[in-house]
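A short write-up of the structure that comes next.
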Amino acid sequence: MASHRRRFVIGLAVAALLAAYAGAALLHGAQKAERRARAARQAVVTLSALTDLVDRAGGATAAVPATPSEGGMGLGAEIAAAEQGQAKPAGDAGDAVRRAVARFAASHPEIKAIRVVDFEGIQLTASTAAADTGDKAAPRRLEREEKDLYDLGQKLRAAVQGNREGAEGAARQPEISIAQQPNGTWSLAAPVERGGEVVGMVQMDTAVKEEPVAFGWLPFLAAWLAPVVGFLLLSLAVGERRWLLAAVAALALLVDLWAYGQYSVKVLAGERRASAKTVAAHISDETATFQTTQTTPAPDPSRWDVDELRQPLARNPQTRNAADARRVTRALAALGVLGVALLAFVGFGFAYRTGQALVEYRVAYAYALPAMIGMLVLVFFPFFYGLALSFTNSNLFNTAKPITETWVGVQNYTDILSDFAITKRTAEGRVWNYSNFYYTLIFTIVWTVSNVAIGVSLGLILALILNLKGFALRPLYRVLLILPWATPNYITSLIFKGMFHQQFGIINQIIQLFGGHPVAWFDKTLTSFLVMLTTNGWLSFPFMMVISLGALQSIPSDLYEAARVDGASRWQQFTSITLPSLRPALVPAIILSVIWTFNQFNVAYLVSAGQPGGSTEILITQSYKIAFEQYRYGYAAAYSAIIFLILFAYGTWQNRVTGATEALG
Amino acid sequence: MSSNRSRRGDEPVHWPLHLFVIFILILTIYPILWVLAIAFSGSQSLAIADLPAHATALDRLRAIAPWPKHFSAENFRSVFADQPFARWLLNSVVVAAMTTLLGVFLACTSAYAFSRFRFPARRAGLMAFLVSQMFPGTLMLIPLYIIIVKWLGLGSTFTGLVLIYTVTAIPFCVWMMKGYFDTIPKELEESALIDGASQATIFFRIVLPLAKPAVAVTALFSFMTAWNEFIQAATLMDRVDKYTVPVGLRFFVGGFTQQWGYFAAGSIVAAIPVMALFLFLQKYLVSGLTAGAVKG
C-alpha cells in the first residue's frame, strides 16, 4: 500500500498547482503593468514634446517671428494659409501656439484632441477638439462646462508650487496628470511654465495602445508538472519512508519555485529592455517631428521621459532588475512557505482526516459552521491581517501595494517601545511628551486603576447597604441606581462633556453658586482627567453594585447565625464570611472591568478627546488617532497589537494569581 | 408592629445610610434630569436658564435646577422635522433589525451544535469565541476598514455595518444560548428522533420553541449591540444620510456645532427604548456575563 507516497504526490500536485498558478498570475500581472507603464511613458514623451513646442511658440514674442519650415510631416493646406495671414500683433504668440498645435496634431494621428489653456484671462488659447470649431473655435474664454479643465490646470499649478516649496520628505503631488477615460483614450495634462511660474496647461486626449501580453500557459504547466513528475520518479527510490518523502517533495517544490523565479526575473528584464528600446525610439521620432515643426531653440529630449513628478525615470537597468529580483524572491518565498504548508497538510494525512471528519460529523458542522465562518472572515482574519499590517509601513497612500513591498519587519514595534523620551525640552523647560507610548501607557494604567477602585468601592458599599435587612425603599433605590448602566455610554459621555462646559456647563454654575470661579476643565491635564473619571465612575459603578448584590444575596443566612452564636463581631463576620463569599463573583467582574476600562474608547474619545494637547489620550484612542488622523495604518496596528499583548498578559497573570490563591485557600 | 419593634432593637439606625444613598442617587439621577430639562427647554443652549449680568444666588440656583423655564416640545418636533434625525433613526432601526435577525439565527444554530453534538474541534471552536472577545477594537478597525471599504466596496452601506455588528454580538450570544440549550433535557429530542423526525424538525419545532426566553435575550443583546455602537459606524459611514443614531447625535454636539437641544431630544428618543429593555432584562444579561466566568 503506497498510501504515504500517494498522499505526498497528491499534496505536491495541489501545492505545485496553486503555487505555479499564483506565480504565473503574478508574473502576468507584472508584465501587464510594465507594458502599461511603457505605453504611459510613450504618451508622456509625446506630451512633453508638445509642451516644449507650446512653450517655445508661446514664449516667442512678436519681435522674434516664428520660423516654420514648409513641407513638414502631414502639413495641411489650411495651416499654410493661416501662416500667410499673420494678423494683429497682439495675437502673434497665440497664433504661433495655434499653428504649432495644429501641426503637432496633424503629425500625430493617434491624438484625438489637444487643448492649450492660458490661466491669465482663463483663455482656451488653442484647441483641436472636434467640438471647438466654428463659433467655439479658440481663442476664447473657457465656458462654465469646461470648469473641470480649468480645475485640472489649477491642481497642476498647485502641485508644481507645492513641490517646489515643500519640505524635504513631504508627500509630493503629481505634476503631470494621467487619467484613463472609460472609452479607452487617455487624457494627459502638463503645466506650461514661463519664468518659473505656471501660466498655463497643455492637455491632450490620445489613443494609447497597450501591447497585449499572453498568459504564460506553457511555463505554468511546466512549473506545475515538472516537480510532480520528478517526485514520482524519485519517490520510487525513496519508498515508504514518510519524512524522507516529505523532504523530497518539499525540495522538489522549492527547486521548482526557484527555477520559476529565475525565469520570471529574466522575463521581466526582457520587458524592461523592450521598454527602454521602445521609449528611446519614440523619443527620437518625436525629436525628428519636433525639428520639422519648430527649429529654434532646439528641444531638450532628455527631459521628456519622466514620471508623474517630472523626474527623469531611472535609467540604470541594473538597479531596476535587482529590485525586480527582490520582489520576485519575496513573492515566491511566501508562495513557497504556503506551498510547503499545504504539502505537509495533505501529505501527512491531515487533509484526509479533515475530510473524513467533515463527512462523518456533517450535521454538527452544518449547524456550527455559518457562525464560525462569519467569525473566521470578520474576526480572526482581520485580527491576523492586523498583526501582519503591524509589520508594514502601510499608510493611506500605499494600501494598494502588495504587503511584500511595505514590509518593514519589527521596526514599528522597536520605534514604539524603544522611544523612552517621556519628557521633552521646550522653551518652557522640561515638559511631558504626550505622544510618547510610555506616557500614554502610564496614563492608561492610572486611569484604569483609579476607575476600577472607584467602581468597586462605590458598588460594594452600595450593595452592602442595599443588602441590609429591612432597609426601606430597597427596590426603588436599586432600579434608580442601575439607570447609568442602562444609558448608552456614548450618550453619557456627551452629556458629561456638556455638563463640564466651561461657560454654560452646569458644574461651573454650581461652583459659582458657592462663590468660586468657573474652571476651564479641559485646559489642564488633571481637571480633564477628573472629568473623565467622573464620567466613567458614573457609568460603571452600577455593574459592580449589581454583581456584588447578587453575590451577597446568595450567602446563606445561617452562616451569619452560626457566627453570631460563636460570638463573632460584625467586623469579623464581614471579613471572614462576606468578603470570601464575594470573591468568586467579584474577581471575574474586576477582570472584566479592568479590560473594559483599559479600552474605554467612548469616554476618552468623546469626553476629553485627548485635551489638552493629547495628554489625556488612553492607548486605544491614541492608536485610533494614529490610524484615522495620521493614516499610519501599519504603525497604528503595531500600537494596537501591543495593547492586545498587554491585556493578554494581564489576563493570563490574573488568572494564574487568582487560581493559585484559590488552590491554596 | 411587633416585628418593627424587634428590628429597632437589634438593628442599627438606618437614616445616615439613607442620607448617603440619597446623595449618590442625586448624583446618579441629576445628569438624566438635566438632559430632560434641556430637551424640553425648546432651545439649543447648554444652560437651562440664562443668567443676568449680576446674577444673585437665587438666579444661579434657578440655573442649576433641572427644570426648564418654559416647557416646550419644540426640540422634539424640530429634530424630526428640520434635522435628518428621522432618517438616522430609520437607519439605526434597519441596521439593528438586520443584525438581530442574522445574529439570532447564527447564534442559535451554532450554539445548538456546540450543545448537542460532540465533534472534532468543538472545544477549539468554543474557545475561539471566548478568545475573540480579547481582540482590541482598534486592531480590528483598520483591517475591517480595508476589508469592508476597499476590498468588498461596502463603505457607507448597511450591509457592512450589519456584518460587523453580527460577528461582534455572536460570541456572547453563542455562549448564552449554549448554556440554555444545555438545560433542555435531551430525552425530548431522542423520543422525537425515534418517532422519525428529522434533525431540522427537532431543532426548529422542539428545541427553539423551548428556548424562547433565551432567544429573546439573544435578540435583545444583538439589537443593543447594533443600536449603541459608535466607533465602527463613525469610521464606515461617511455620508450624513447614512449615519446611525450615535454618529448623528455626535454630529449635533461634536466639533464646532453646539446644538444641545437637538442632542438632548434625540438622546431621549434613542435611549428610552434600550433603557426600558435593559432594566427589564438586566438580570439575564448579568447571569450570562458571570456564568461563564464563575464556572471557568
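The values are calculated or read from the model by the stated rules, or taken from the named source; none is laboratory data. Quantities reported herein were computed from a predicted structural model and do not represent experimental measurements. Backbone-built Cβ (ideal geometry, glycine too); neighbour counts: all protein chains shown. Side chains are part of the model used for accessible areas, which takes the heavy atoms of the whole protein and leaves out ligands, DNA and RNA. Shrake-Rupley method; radii C 1.70, N 1.55, O 1.52, S 1.80 Å.
Couple of notes before you dig in:
- Annotation note: of B:Val94, B:Val79, the sole residue that is assigned to a helix (DSSP H, G or I) and either open to solvent by less than 10 Å² (accessible area, probe 1.4 Å) or of a type in the set (Gly, Ala, Ser) (or both) is B:Val79.
- Just one of the listed residues (A:Phe500, A:Phe514) is touching a Phe, Trp or Tyr at 6+ places or on another chain (Cβ under 6 Å) and of a type in the set (A, V, I, L, M, F, W, C), namely A:Phe500.
- Those helices (runs of 4 or more DSSP H) of region A:329-407 in which 1 or more residues are open to solvent by less than 40 Å² (accessible area, probe 1.4 Å) and touching a residue at least 40 places away in the same chain (Cβ under 8 Å) occupy A:350-360, A:381-389, A:403-406.
- Of all the numbered requirements in (1) within 24 Å of A:Leu332 (Cβ to Cβ); (2) surrounded by fewer than 17 Cβ atoms within 10 Å (Cβ to Cβ), A:Lys277 misses one, and that requirement is (1).
- Selection within region B:1-31: residues that are within 7 Å of chain A (Cβ to nearest Cβ) and outside any helix (DSSP H, G or I). The member of this set that is modelled with the lowest pLDDT is B:Glu11.
- Matching residues in region A:136-154 - criterion: being free of Cβ contacts under 8 Å to residues at least 12 places away in the same chain, open to solvent by less than 70 Å² (accessible area, probe 1.4 Å) and under 34 Å from the mean Cα position of the chain (by Cα): A:Asp151
- Cβ-Cβ under 8 Å pairs, at least 6 apart or on other chains, region A:561-577 side closer than 15 Å to A:Leu464 by Cα, far side open to solvent by 100 Å² or more (accessible area, probe 1.4 Å) and in a helix (DSSP H, G or I): A:Gln573/A:Arg564
- Helices (runs of 4 or more DSSP H) completely within region A:563-662 that count 1 or more residues being more than 9 Å from every other protein chain (Cβ to nearest Cβ), closer than 30 Å to A:Asn398 by Cα and touching an Asp or Glu at 6+ places or on another chain (Cβ under 8 Å): A:619-628
- Sole exception among (1) within 30 Å of B:Ser222 (Cβ to Cβ); (2) at the interface with chain A (Cβ under 10 Å from one of its Cβ atoms) for B:Pro84, by number: (2)
- Count of region A:458-474 residues which are within 12 Å of another protein chain (Cβ to nearest Cβ) and either buried (at least 16 other Cβ atoms within 10 Å of the Cβ) or within 48 Å of the chain's Cα centre (by Cα) (or both): 10
- Residue in region A:488-537 that is nearest to the chain's Cα centre (by Cα), counting only those that are over 26 Å from B:Gly261 (Cβ atoms) and assigned to a loop (DSSP other than H, G, I, E, B): A:Lys524
- Residue that is modelled with the lowest pLDDT, among those in region B:131-164 that are of a type in the set (Phe, Trp, Tyr) and not in a loop (DSSP other than H, G, I, E, B): B:Trp151
- Some residue of region A:321-343 being charged (D, E, K, R) and within 14 Å of chain B (Cβ to nearest Cβ): no
- No other residue among A:Val97, A:Val116 is modelled with pLDDT of 80 or more, in a helix (DSSP H, G or I) and not polar (S, T, N, Q) apart from A:Val97.
Yes or no, residue by residue, for (1) more than 30 Å from B:Gly261 (Cβ to Cβ); (2) part of a loop (DSSP other than H, G, I, E, B); (3) within 11 Å of chain A (Cβ to nearest Cβ); (4) at pLDDT 75 or above:
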site	(1), (2), (3), (4)
B:Leu33	no, no, yes, yes
B:Gly42	no, yes, no, yes
B:Ala49	no, yes, yes, no
B:Lys69	no, yes, no, yes
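- Which listed residue is under 30 Å from A:Leu389 (Cβ atoms) and without any contact (Cβ under 8 Å) to a residue 12 or more places away in the chain, from B:Ile170, B:Ile142: B:Ile142
- If you go through region A:220-247 and keep only what is open to solvent by 20 Å² or more (accessible area, probe 1.4 Å) and touching a Gly at 6+ places or on another chain (Cβ under 9 Å), you end up with just A:Arg242.
- Within region B:211-250, being of a type in the set (A, V, I, L, M, F, W, C), away from chain A (no Cβ under 11 Å), touching a Phe, Trp or Tyr at 6+ places or on another chain (Cβ under 8 Å) and assigned to a helix (DSSP H, G or I) holds for B:Ala214, B:Val217, B:Phe221, B:Ala226, B:Leu236, B:Val240.
- Filter pass, B:Leu102 being open to solvent by 20 Å² or more (accessible area, probe 1.4 Å), at pLDDT 85 or above and under 27 Å from A:Trp596 (Cβ atoms): yes
Here's the yes/no breakdown for (1) surrounded by 17 or more Cβ atoms within 10 Å (Cβ to Cβ); (2) within 10 Å of chain B (Cβ to nearest Cβ); (3) touching an Asp or Glu at 6+ places or on another chain (Cβ under 9 Å):
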{"residue": "A:Trp485", "(1), (2), (3)": "yes, yes, no"}
{"residue": "A:Met499", "(1), (2), (3)": "yes, yes, no"}
{"residue": "A:Gln502", "(1), (2), (3)": "no, no, yes"}
{"residue": "A:Thr525", "(1), (2), (3)": "yes, no, no"}
{"residue": "A:Phe529", "(1), (2), (3)": "yes, no, no"}
{"residue": "A:Met544", "(1), (2), (3)": "yes, no, no"}
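- Any hit, region A:418-427, residues being more than 30 Å from B:Leu279 (Cα to Cα), surrounded by fewer than 19 Cβ atoms within 10 Å (Cβ to Cβ), under 24 Å from the mean Cα position of the chain (by Cα) and within 14 Å of chain B (Cβ to nearest Cβ): no
- Test: residue in region A:351-372 that is within 18 Å of A:Ser623 (Cα to Cα), within 12 Å of chain B (Cβ to nearest Cβ) and among the hydrophobic types (A, V, I, L, M, F, W, C): no
- The number of residues in region A:174-211 being outside any strand (DSSP E or B), in contact (Cβ under 8 Å) with a residue 60 or more places away in the chain and open to solvent by 10 Å² or more (accessible area, probe 1.4 Å) comes to 6.
- In region B:234-251, the residues that are in contact (Cβ under 8 Å) with a residue 40 or more places away in the chain and aromatic (Phe, Trp, Tyr): B:Tyr243
Yes/no matrix, rows are residues, columns are (1) out of contact with any Phe, Trp or Tyr (no Cβ under 7 Å at 6 or more places or on another chain); (2) surrounded by 19 or more Cβ atoms within 10 Å (Cβ to Cβ); (3) at positive phi:
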position	(1), (2), (3)
A:Ile547	yes, yes, no
A:Ser554	yes, no, no
A:Ser581	yes, no, no
A:Gly613	no, no, yes
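- Residue among B:Val253, B:Val217, B:Val274, B:Val245 that is modelled with pLDDT under 85, closer than 17 Å to B:Leu90 by Cβ and crowded, with 17+ Cβ neighbours inside 10 Å: B:Val274
- Flag for B:Gly196 being surrounded by fewer than 17 Cβ atoms within 10 Å (Cβ to Cβ), within 29 Å of B:Leu236 (Cα to Cα) and away from chain A (no Cβ under 12 Å): no
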